[in-house]
């Protein structure tokens, strides 16, 4: 049987509707899968391509911003240098030397006081406080010429305070008085009150004896009222202060000795704290010895703070010279 060139050897079975629907669903499923894969991997692929194509960033250099025109630049405080520390140490050393000089002055050891304050003058020349102490010690040693020369050097100091200038001029005027004589160097005598400051205290002292007033009691007893003042503005710990009161008796042959009789002391108005810048009053009561051959000869009073002697009073003044009080207490009484 002959076939024409336009005919196929196998006849085609026409597709039915069921086949067409299945084929269409398969094609749709494949398209959905391809779209899902594209949506999942496309961002990752894009990020990797950008990372490979972008050059690495250059390192950042932080510039210090310039200060605003209307704001002052901040200045950071530097730690103290070694020189500043040495200066502070030197000042503290000078303070200790001057304190030792003042303590020696208070008990009449003027040679020690002078050597100490002159050492301070070598370390800190031109300090008016140190120079005034030198002049004061020259006065006590009887060298009024050297005292006057020292005071004149103080007046030549630049920027001297009005108070110190007036004080120095007053001292020069006193030295220039006709027939002036050196102040007696009797420790703790009432004549020594001229060396006290404007508060009535010894230079450098925290506490001072403003007044001692003895009165007669019955049967030869003596009542000694002692007025003690603290330096204004200074806090005083009463536990670190002590008052020593010594009564003396004289025998028939004139020998003076410390009494063995009972001595009672009591504060007039406790509590004692000097919190109101008012003097505190102490009463010391002397009862004569049973030995009728001994008679009352006088007293010596010393006040201590933190074991350092602050002030003394005596009547007569010779008792303080013959029976000097210690400059320091080794133990608190």
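Here is how the numbers come out for the structure above:
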{"read-out": "Residue among 285, 236, 228 that alone is modelled with pLDDT of 90 or more and assigned to a loop (DSSP other than H, G, I, E, B)", "value": "236"}
{"read-out": "Hits in segment 112-144 - residues which are surrounded by fewer than 18 Cβ atoms within 10 Å (Cβ to Cβ), touching a helix residue (DSSP H, G or I) at 6+ places or on another chain (Cβ under 8 Å) and closer than 24 Å to residue 314 by Cα", "value": "112, 141"}
{"read-out": "Test: residue in segment 122-143 that is more than 27 Å from the chain's Cα centre (by Cα), free of Cβ contacts under 8 Å to residues at least 60 places away in the same chain and over 18 Å from residue 112 (Cα atoms)", "value": "no"}
{"read-out": "Candidate set from segment 239-282 (those that are touching a helix residue (DSSP H, G or I) at 6+ places or on another chain (Cβ under 7 Å) and surrounded by 13 or more Cβ atoms within 10 Å (Cβ to Cβ)); member that is farthest from residue 223 (Cα to Cα)", "value": "272"}
{"read-out": "Some residue of segment 261-281 being closer than 14 Å to residue 208 by Cα, at pLDDT 85 or above and not in a loop (DSSP other than H, G, I, E, B)", "value": "yes"}
{"read-out": "Residues of segment 317-333 satisfying the condition of being crowded, with 17+ Cβ neighbours inside 10 Å, in contact with a strand residue (DSSP E or B) (Cβ under 7 Å, 6 or more places away or on another chain) and over 16 Å from residue 103 (Cα atoms)", "value": "319"}
{"read-out": "Check on residue 304, in contact with a strand residue (DSSP E or B) (Cβ under 9 Å, 6 or more places away or on another chain), farther than 29 Å from residue 218 by Cβ and either assigned to a strand (DSSP E or B) or at pLDDT 90 or above (or both)", "value": "yes"}
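The values are calculated or read from the model by the stated rules, or taken from the named source; none is laboratory data. Not measured: the values here are computed from a predicted model. All Cβ positions, glycine included, derive from the backbone under ideal geometry; neighbour counts span all protein chains shown.
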